[in-house]
Structures are given as structure tokens and as C-alpha cells.
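First comes the structure, then the notes that go with it.
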Amino acid sequence: MGSASAGAAARARCRRCVRVRMLVPVLAALIHLCAAFNLDPETRVVFSGSRGSYFGYSVEFFSNTISVLIGAPKANTSQPNITEGGAVFLCSWSQSNCSIINFDKQGARLNSTNRPLAQFEFKSHQWFGATVRSHGNSTLACAPRYYWRTECDTPFADVTGTCFLSVDGLNTFVEFAPCRTERHGPAGQGYCQGGFSADFTKDGRVVLGGPGSFYWQGQLISATTEEIVKAYYPSYFLLSVAGQIQTRQAEGSYDDSYLGKKFSWADQMYYLQFRTHLCRAWVWCTCLGCNVFQMGSYFGYTVAATDINSDGLDDLVVGAPLFMSRGSDGHLEELGKVYVFLQRGPLLLEPSQSHLLGPQAFGRFGSSLAPLGDLNQDGFNGTFLTFVQTL
């Protein structure tokens with residue numbers, strides 16, 4: 001009797017062991033499935049805008065909600081007497097629809113001191129929404145082709161660009177036009193095109209690129225969101241922002257450098273360059289070694305900063321969409337190229353052993369770059385690369 005009881009107990013323990021052994025691989029499989037992460041092209045969400053509006057020219061994630069901000073720089077809005085002023089749309093993933101964000105409801109302002117009234121700013125074809133950036137509760141949208149008349153008695157106009165900023169989740173908006181100053185014409189900030197490029201630093205500071213300032217030397221301009229909001233007064237056309245910092249004009253040999261056309265933010269490295277006024281074209285070339293780059297390849301047209309090799313330092317990915325290479329027939333083909341530079345220390349960038357060459361002739365590989373983070377969870381950050389097929 002005792003031996004039978006012992007045998008039954010042993011068989012029960014064995015069944016439990018079998019169940020446990022079977023359960024372990026099942027749990028492992030479930031854990032693996034739960035940790036899996038993929039991009040699903042079959043259930044993608046598609047947003048579209050009106051024909052000819054350039055809907056999708058700029059795209060940015062809106063961090064407050066599960067939504068995306070999409071710029072349409074040639075869209076028509078309800079602004080009175082404005083043609084193709086441009087717009088920014090808020091598109092919800094869950095509803096698959098988009099609604100326009102009313103950054104600016106006004107038409108072009110008039111000079112009320114003159115008779116007849118003179119229009120002194122021009123918002124038609126200003127390309128509002130060509131640049132869109134978001135950081136926390138703050139959103140910035142820019143119109144780099146906005147211009148204003150500097151002298152009411154002559155048709156002299158400056159393409160200074162302008163931006164609008166929201167710091168409370170798209171409820172209220174203020175204008176930020178740091179290039180709209182008394183420094184008129186090409187020698188000053190008249191052709192600045194402020195907002196041609198823009199970004200937020202990791203602590204939320206606004207940075208604008210103005211590639212046309214000072215005979216197209218270009219410049220970077222930066223201010224905190226608090227300073228911008230505090231300085232805004234809608235009745236004043238020329239506003240100065242306390243605490244604003246910007247790169248200064250250099251000697252004439254740096255004309256046509258287009259500083260500020262494109263930039264990307266990476267921790268403290270580029271911020272240090274900007275604050276010490278070292279961010280000039282020659283500094284980038286010295287830092288990166290210009291002798292390896294092809295003239296006319298548009299090196300630097302796009303820039304993305306991300307930690308490629310997971311060493312804790314932000315590295316640099318640079319697009320050259322007009323890079324040319326000889327094909328099998330010996331003729332030059334415009335393919336485009338993407339360069340990778342690894343950061344070895346502050347202001348020390350080292351070219352990677354290999355770079356990426358475009359797969360398609362006239363594809364302009366590297367026309368757009370964006371850091372994606374670690375999508376497949378392999379411990380390394382990915383970067384999104386695009387090329388434009390030219391027929």
C-alpha cells in the first residue's frame with residue numbers, strides 16, 4: 001500500500017515536471033512575441049492633402065498626442081487675400097483625418113499711417129509649413145519665403161522669413177521673425193529666409209537657420225521659448241527678443257556659404273560651436289576633411305545626428321544628393337551619396353570606413369535623412385534615408 005502511494009506521488013511529480021517543462025518554452029515564445037517590434041505596411045495609415053498643396057513637404061511627430069504634424073507650404077487657407085500662403089495640419093493616427101492648425105489667421109498687414117494704405121508685408125506664396133518642428137508642448141512652423149516692404153514709397157522688399165510658435169499644445173501662437181530688422185538688403189538680414197531650417201535643442205531652445213543673411217554667408221539664431229513669448233507684442237512689427245543669440249557677420253571671403261541652410265542638433269557638440277561663434281563653413285570642412293568630398297555634390301544638403309555605434313556619442317550622417325559616380329559604361333551618373341562620421345570626442349569627427357552610394361541614377365539619394373531610433377531593438381539606432389526618382 002505504501003509503495004503504491006509512493007508510486008502515485010512520483011507519477012504526479014513527474015506530470016508536474018512535464019507540465020513545467022512544457023510551460024517554459026511556451027512562456028519563452030510568448031515573451032519573444034511580446035517583445036517583437038515590426039513596421040506593418042499592410043495596415044498603414046495614409047494621409048493626403050489637396051492637389052498642388054505640397055502636402056507632406058515637412059512631417060513631424062506631435063509628442064502630446066498620437067498624431068503627426070504635416071506641412072503643406074502651397075496650401076490655400078482662410079486668410080483674407082492670401083494666395084497659397086501655406087498651412088500645417090494635425091493628423092490623428094486613430095481617425096485617419098487631418099485638421100488645419102490656425103497658426104496665423106490674419107491677412108497681410110497694412111501701414112495705417114499712410115494714405116492710401118500701403119501693404120508692407122506679403123504672405124502669398126510664403127511657403128508657411130515648409131519647416132515644422134515639435135518639442136514637448138511647443139511647436140514651431142516657419143515660412144522662409146515671407147517678405148516685407150522696408151520702404152513704403154518704393155517697391156523694395158526683404159525676404160526675411162518668419163515663424164510662429166506655440167508653447168501650450170497648439171492653443172495660442174506668437175510670431176518669431178528675428179530677421180525682420182532694420183538691417184535691410186543683402187548686406188544685412190534682408191535675404192535671411194529665417195526658418196529655412198529650424199530645430200529645438202534637447203532643453204527646448206529654438207534654433208533657426210537663415211542661409212541668406214550677410215550676402216548669403218548665412219547665420220544661426222537662437223532664443224528660449226520663454227523669451228520669445230515674453231517679447232511678443234502683436235501691435236509691434238519689429239521686435240527684439242531679450243537673450244537672443246546669433247552668429248555674426250564674417251569677412252567677405254565667406255560670402256555664399258549658406259550657413260543655416262540645414263543643421264541637426266546633437267547634445268552639446270554643435271551647441272558649443274554655435275555659442276562660441278565657430279559654426280562657419282570652414283570649421284565644418286576642417287572638422288570633416290573637405291578634400292574627400294566632390295565639388296558640386298551638395299554635400300551637407302541634409303544632416304542627421306544619431307548615435308550609430310551605441311558608444312554614447314552622437315554621430316553625424318550627411319547627404320550629398322548630387323554626388324556623381326561613373327557607371328559600367330564609363331559615363332558619370334548622378335546617384336547621390338550618404339556619408340557617415342563617427343564622433344570620437346568634442347569637435348572630433350572621423351569618417352566611417354564605408355559610405356552609402358545611391359542605387360538609382362538621378363535618384364538623388366540622401367535628399368532626406370531622419371534618425372529613427374532603435375526600431376528593431378538590436379541595440380543600434382537606425383536612420384531613414386530617401387531618394388527621389390527623377391523620370
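Screening Gln119 against (1) modelled with pLDDT under 90; (2) within 16 Å of the chain's Cα centre (by Cα); (3) not β-branched (Val, Ile, Thr) leaves a single unmet condition, (2). Based on this model, can you work out whether Phe89 counts as crowded, with 16+ Cβ neighbours inside 10 Å, touching a residue at least 24 places away in the same chain (Cβ under 8 Å), touching a Phe, Trp or Tyr at 6+ places or on another chain (Cβ under 6 Å) and of a type outside the set (Asp, Glu)? In short, no. If I filter region 103-110 for residues that are part of a strand (DSSP E or B) and among the aromatic types (Phe, Trp, Tyr), do I get at least one hit? The answer is no, given that none of the residues of region 103-110 is part of a strand (DSSP E or B) and among the aromatic types (Phe, Trp, Tyr). Cβ separations smaller than 8 Å between residues 6+ apart or across chains give the following pairs from region 349-364 residues that are closer than 16 Å to His331 by Cα to residues that are at pLDDT 80 or above and surrounded by fewer than 14 Cβ atoms within 10 Å (Cβ to Cβ): Ala361/Gly327. Every condition in (1) of a type outside the set (Val, Ile, Thr); (2) at pLDDT below 90; (3) assigned to a strand (DSSP E or B) is met by Leu140 except one, and the failing one is (2). A single entry from Val338, Val303 fulfils the requirement of being of a type outside the set (S, T, N, Q), at pLDDT 85 or above and surrounded by 13 or more Cβ atoms within 10 Å (Cβ to Cβ): Val338. In region 230-250, the residues that are surrounded by 10 or more Cβ atoms within 10 Å (Cβ to Cβ) reach residues that are assigned to a strand (DSSP E or B) and at pLDDT 80 or above with C-beta atoms within less than 6 angstrom, at least six apart or across chains, in these pairs: Tyr232/Val174; Val241/Ala223; Gln244/Ala223; Ile245/Ser222; Gln246/Gln219; Gln246/Ile221; Thr247/Gln219; Thr247/Leu220. Across region 78-112, the qualifying residues are those that are of a type in the set (S, T, N, Q) and over 20 Å from Ser48 (Cα atoms), and the one among them that is modelled with the lowest pLDDT is Ser112.
If you go through region 63-73 one residue at a time, do you hit one that is polar (S, T, N, Q), out of contact with any helix residue (DSSP H, G or I) (no Cβ under 6 Å at 6 or more places or on another chain), at pLDDT 90 or above and on the phi < 0 side of the Ramachandran plot? Within region 63-73 (the criterion being polar (S, T, N, Q), out of contact with any helix residue (DSSP H, G or I) (no Cβ under 6 Å at 6 or more places or on another chain), at pLDDT 90 or above and on the phi < 0 side of the Ramachandran plot), the answer is no, since none of the residues qualifies. Return a yes/no flag: does region 308-318 have any residue that is out of contact with any Lys or Arg (no Cβ under 9 Å at 6 or more places or on another chain), touching a residue at least 60 places away in the same chain (Cβ under 8 Å) and part of a strand (DSSP E or B). Yes; the residues of region 308-318 include at least one that is out of contact with any Lys or Arg (no Cβ under 9 Å at 6 or more places or on another chain), touching a residue at least 60 places away in the same chain (Cβ under 8 Å) and part of a strand (DSSP E or B). Of all the residues in region 44-63, those that are among the polar types (S, T, N, Q), assigned to a loop (DSSP other than H, G, I, E, B) and surrounded by 12 or more Cβ atoms within 10 Å (Cβ to Cβ) number 3. Scanning region 306-335 for residues that are out of contact with any Phe, Trp or Tyr (no Cβ under 8 Å at 6 or more places or on another chain) and of a type in the set (S, T, N, Q), we see that the one that is surrounded by the fewest Cβ atoms within 10 Å (Cβ to Cβ) is Ser328.
Under the condition of being under 18 Å from Gly136 (Cα atoms) and surrounded by fewer than 20 Cβ atoms within 10 Å (Cβ to Cβ), the residues counted in region 69-81 number 0. Asp199 meets each of the listed conditions (1) surrounded by fewer than 24 Cβ atoms within 10 Å (Cβ to Cβ); (2) within 20 Å of Asn102 (Cα to Cα); (3) within 20 Å of the chain's Cα centre (by Cα) apart from (2).
The values are calculated or read from the model by the stated rules, or taken from the named source; none is laboratory data. All of these numbers come straight from a predicted model, not from anything done at the bench. All Cβ positions, even for glycine, are placed from backbone atoms using ideal geometry, and neighbour counts span all protein chains on display.
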